[in-house]
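Structure record follows, encoded as structure tokens.
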Amino acid sequence: MTSRAPRVGTGMKVEIWSDVVCPWCYIGKRRFEAALERFPHADAVELEWKSFELDPSAGPSGEGAYAERLAAKYGQSVAQAQGMLDGMTATAAAEGLDFHFELARPGNTFDAHRVLHLAKQRGVQDAVKERFDRATFSEGAPVSDHETLVGLAAEAGLDADETRGVLASDRYADAVRADEQQARTYGISGVPFFVVDGRYGVSGAQPAELIASVLEKAWSEQSPLSVVAGGAPGCEGDACAV
């Protein structure tokens, strides 16, 4: 990712491209949260979750056991696929997450991302993202189902009727596509992907220590506006030099 000049201000924005059926994204969320806990300027960080569909062609809900679908996708035996899932379950547990792939029913996530854009507008995006992730990987909820999304979003602070109205329309569809287009512009092909202050990209569920170091680096490189010329006539407040 190309660098740009530091912007004026005391805050810092972190954008995370993610999907709600991506196990590494949920693990990456926990590691990012751990990084924020050790970052002394955490209160100045603005977090935004960005849309990324791992499988835009996915149907309403996955059929068959998770291990069987994984084996078919990668040309492995079911035993090998189950071994991968067991390893990921252990990795998640180390981050305090309780994964149950035997319950998971991943499907199309376009509508879930539309709800996340609504949640952003209402100031509860992170809470809704957390609820969707937990529902997918710990509870086996089908996050492609509209009424399931309505119920989960309501638990996380969204109005159920407003969420239902969004799902019955095409609202926020353009916002989802805009996020995905931005991902393509950045060259993002996998998630999670973190963009820190518009300058640094971090790919994958990196350790909290690495994420924290990127936050520190981006913060240290912020600078106040440098005045390169002064003294010419101007106006201050309601007074002008004439």
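Checking the cross-link filter: which lysines have an alpha carbon closer than 27 Å to that of residue 73, excluding same-chain neighbours under 8 positions apart? Of all the lysines, those that pass the test against residue 73 - Cα under 27 Å, at least 8 places apart if same chain - are 29, 50, 129.
Hey, what did region 55-167 get for relative contact order, percent, Cα under 8 Å, at least 6 apart?
Working: 153 pairs, mean separation 29.8, N = 113.
Averaging sequence separation for qualifying contacts and normalising by length gives 26 percent for region 55-167.
What order, most packed first, do the peptides 106-112, 163-169 have when packing is the mean number of other Cβ atoms within 10 Å of each residue?
Values: 106-112: 21.9, 163-169: 16.6.
Ranking, from highest mean packing down: 106-112, 163-169.
For region 35-67, backbone nitrogen atoms closer than 13 Å to the point 7 Å from residue 78 Cα along Cα-to-C-beta are found at 64-67. Here the chain carries DSSP beta bridges of which approximately 60% are antiparallel, counting only pairs with both residues inside. At full extension, residue 127 and residue 37 could sit 30.7 nm farther apart than now, given 0.36 nm per residue minus the alpha carbon distance.
Evaluate the charge dipole of region 51-146 about its Cα centre and quote only its size in Debye, nearest 20, assuming +1 on the Cβ of each Lys and Arg and -1 on the Cβ of each Asp and Glu.
Values: 9 positive and 14 negative charges, 63 e Å.
So the magnitude is around 300 debye.
If Lys and Arg each add +1 and Asp and Glu each add -1, what is the summed charge of the other residues whose beta carbon sits under 13 Å from the beta carbon of residue 55? My count for the surroundings of residue 55 gives -1.
Give the shape of region 88-130 as rounded, prolate or oblate, defined through the alpha-carbon gyration tensor: a ≥ b ≥ c are the square roots of its eigenvalues, a/c under 1.5 means rounded, and otherwise the shape is prolate if a/b is larger than b/c and oblate if not.
oblate
Around the Cα centre of the chain, unit charges on the Cβ atoms of Lys, Arg, Asp and Glu (plus for the first two, minus for the last two) sum to a dipole of about 600 debye. Subtracting the Cα-Cα distance of residue 216 and residue 168 from 0.36 nm times their residue separation leaves 13.0 nm of extension gain.
Given the choices [x] 38, 22, 16; [y] 34, 25, 14; [z] 44, 21, 16, semi-axes √(5λ) of the Cα gyration tensor in Å derived from the coordinates of this structure is entry [x].
A protection proxy built from the mean count of other Cβ atoms within 10 Å ranks the segments 197-207, 17-27, 182-192, 135-145, most packed first, as 17-27, 135-145, 197-207, 182-192.
Read-outs throughout are calculated quantities, based only on the coordinates presented, and are distinct from any laboratory measurement. Remember, predicted model here, so these are calculated numbers, not experimental data. Don't worry about glycine lacking a Cβ; one is built from the backbone with ideal geometry, like all the others, and counts go over all protein chains shown.
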